[in-house]
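To start, the structure itself, in structure tokens.
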Amino acid sequence: MFDWLTPEEWQAVRLSLSVALRSVLFGLPPAVAAAWLLARGRFPGRAALDALVHLPLVMPPVVVGWLLLVTFGLRGPVGALLNEWFGVRLVFTTGGAALATAVMSFPLIVRAVRLSLDAVDPGLEAAARTLGAGPLDRFFTVTLPLIAPGILSGAITAFAAGLGEFGAVITFASNIPGATQTLPLAIYSATQTPGGEATAAKLAGVSLVLALCGLLLADAAGRRMQAMLGRAPA
Amino acid sequence: MLEVALRHDWPGFSLDVGFRAPAAGVTALFGPSGCGKSTILAAVAGLLRPDAGRIALGDAVLFDHAGRRMVPAERRRCGMVFQDARLFPHLSVSGNLRYGLRRAPRGTTGPGFDEVVSLLGIEALLARRPAALSGGEKQRVALGRALLSRPAMLLMDEPLAALDAPRKAEVLPFLARLRQELSIPLLYVTHALEEVDQLADSLVLLAGGRVLASGAVEALAARTDLPMLAGRRDAGALLPCTVLAHDPARQLTRLGFPGGTLSVPLAPAPVGSTQRLRLRARDVAVATEEPRGLSVQNVLPVVLEALEPGAAGEAMLRLRAGPSLLLARVTLDSAHRLSLRPGQPLWALVKSVALAPRGPGA
């Protein structure tokens, strides 16, 4: 029943889903931490961090990929250490594709989480303090549940956007079928191949449907969770 | 004993206060908006670090600028009730109540969950979310949450200010019951004099970031040099009274206070219970001879202690009845006409309608 896509095309779809999912899982904890620092922190260099977090949004994705290549490549400062200490190679691997995607979608999650952090009444955290809750306790029992809708919708948006990441992935992880050739890369390859128009059209359709589903899901999840928190949907 | 001394500066406003609150009982911080009341509470709770000062509860030093000591709020064990309740919206009422209970230090004792729930009458609300509660219900839950955290002191920041009159009347009896059962200090921030009358044992009077006066409520209420109290329409003396007897036939209740007795309309309080009365200065008139043929129920022999200037064209009379002090507001003209002078024996005429008991007192 799945024969309307060839095994190679299915592989690209599966790979895209896997890369996008991994990118969200990698990116979520540091994105929440960065959002928290930006929303609540008062420290020198806050503006610089803010700019750094948002850079991938405005920089050409190819430049992001190139920077990753320079940093995480086998001869890059971080990449060499990773390879030496843990035997981990990111460049030209699925993990590398996930890293590139995570960097690109990082600002999307940070923005969503920060918006919901701004909506959390700091008075509730103060109330938790007077009831004996320390900083981590407060964060996990008060702040995190209250920003959960923002985290979820940010994660789903990042996942949907991550399915389509092209420039950073092809620059850092290259275009290797079965390893780093995600949906957009497969579409690109198809358009470069004589007679590949049908494949390109089918994969483009799949991309479109996946992205749309992601957006609808993010919206529904956000509403559902707001209602669970007893707030009117925004 | 809670000792507070602190100084904190903002652009355009400075707070510099010092006072002591007894180890058990309600200390009201009373003053107009913007006088620094809530800031004091935040500093005691540890939510604000003052520029200088010292805060100690018994032997435990919570903040000491000189000794560089600042106990974090989460380890101060200050149960706090905020004006806006601040219930956790993602937890049920029961979850909110248990939040503090779960974090109470081991070895501390206090009222149990069921006891607090029944004291506050919130059994029916336990499964609900805070969003589904009325303002009065929210404040009762917030009160329960603070109590269950086994606090070493309770701090209340205008807990009734956001409520309308019926909701206030719903929460006040719980506060009154609470103050009789508590054995820890309670700091109560308010700008409503009726809450002071009903709840407070001692009073810290604040204005512009300074303490104007502090002491027992009865003693402060009788002072005529405090415009914030004496200038009000409802200014007057506070008397601790005991219910002596009820006379259903005459629809009267007899109250005794140090220095005399008073008749008031039949009150529901049991005989022997104590009540606190606010005797408003504008409800007290004086006569130089014992009056006869009056509708006024209460005529007390008193001695004029002092004549104080009051509002424009008025004088405030300090009248001594045994150990108690009454205030009477008369026009300057009357004071001249009767040639009132300190030491003169007078008759104080008190309209009994002014004497409706205002809730349990000391």
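General remarks:
- Put simply, when A:64-72, B:258-266 are sorted by average Cβ atoms within 10 angstrom per residue, most first, you get A:64-72, B:258-266.
- Backbone N under 14 Å from the B:GLU3 label point (7 Å along Cα→Cβ), restricted to region B:44-59: B:53-59
- Contact order for chain A, expressed relative to its length and based on alpha carbon pairs under 8 Å spaced 6+ residues apart, stands at 28 percent.
- Relative contact order (%) - criterion: Cα under 8 Å, at least six apart; region: chain B: 16
- GNM flexibility winner over chain B from B:ARG292, B:ARG167, B:ARG128 (Cα, springs under 10 Å): B:ARG292
- Mean projected area in nm² (Cα convex hull; one quarter of hull surface) for the protein assembly as shown: 38.5
- Sparsely packed loop sites in region B:243-333 (the GluC sites (Glu not before Pro) outside DSSP H, G, I, E and B with at most 12 other Cβ atoms within 10 Å) comprise B:GLU289.
- Region A:116-220: relative contact order as a whole-number percent, Cα under 8 Å and 6+ apart: 27
- Region A:139-183 and region A:74-132 have Cα centres spaced 11 Å apart.
- DSSP-defined antiparallel bridges as percent of all bridges, the protein assembly as shown, nearest 5: 80
- Rounded if a/c under 1.5, otherwise prolate or oblate - region B:113-197, Cα gyration tensor axes: oblate
- FRET efficiency estimate (nearest 0.05) - Cβ-Cβ, A:LEU136 to A:THR193, R0 41 angstrom: 0.15
- Highest-fluctuation residue, A:ARG89, A:ARG75, A:ARG114 considered, GNM on chain A with Cα pairs under 10 Å: A:ARG75
- The modelled label-to-label distance between B:ARG177 and A:LEU55, using points 7 Å beyond Cα along the C-beta direction, is 6.3 nm.
- Cα shape, chain A, gyration tensor, a/c 1.5 rule: oblate
- Anchor B:LYS37: lysines whose Cα lies under 22 Å away (excluding residues fewer than 8 positions away in-chain): B:LYS168
- Amide proton proximity set for B:ASN298, modelled H, under 5 Å, gap of 5+: B:VAL350, B:SER352
- Within the shell defined by Cβ-Cβ distances under 14 Å, the residues around A:ARG22 carry a net charge of 0, with Lys and Arg each +1 and Asp and Glu each -1.
- Gyration tensor (alpha-carbon) shape descriptor, region B:1-90, a/c threshold 1.5: rounded
- Mean residue ellipticity (222 nm) of chain B, computed from DSSP H runs ≥ 4 via -39,500 (n - 2.57), nearest 500: -6500 deg cm²/dmol
Readers should treat all values here as calculations from the given coordinates under stated rules, not as data from a laboratory. Just so we're clear, the structure is a prediction, and the values are computed from it rather than from any experiment. In this analysis, Cβ positions are derived from the backbone assuming ideal geometry, glycine residues included, and neighbour counts consider all displayed protein chains.
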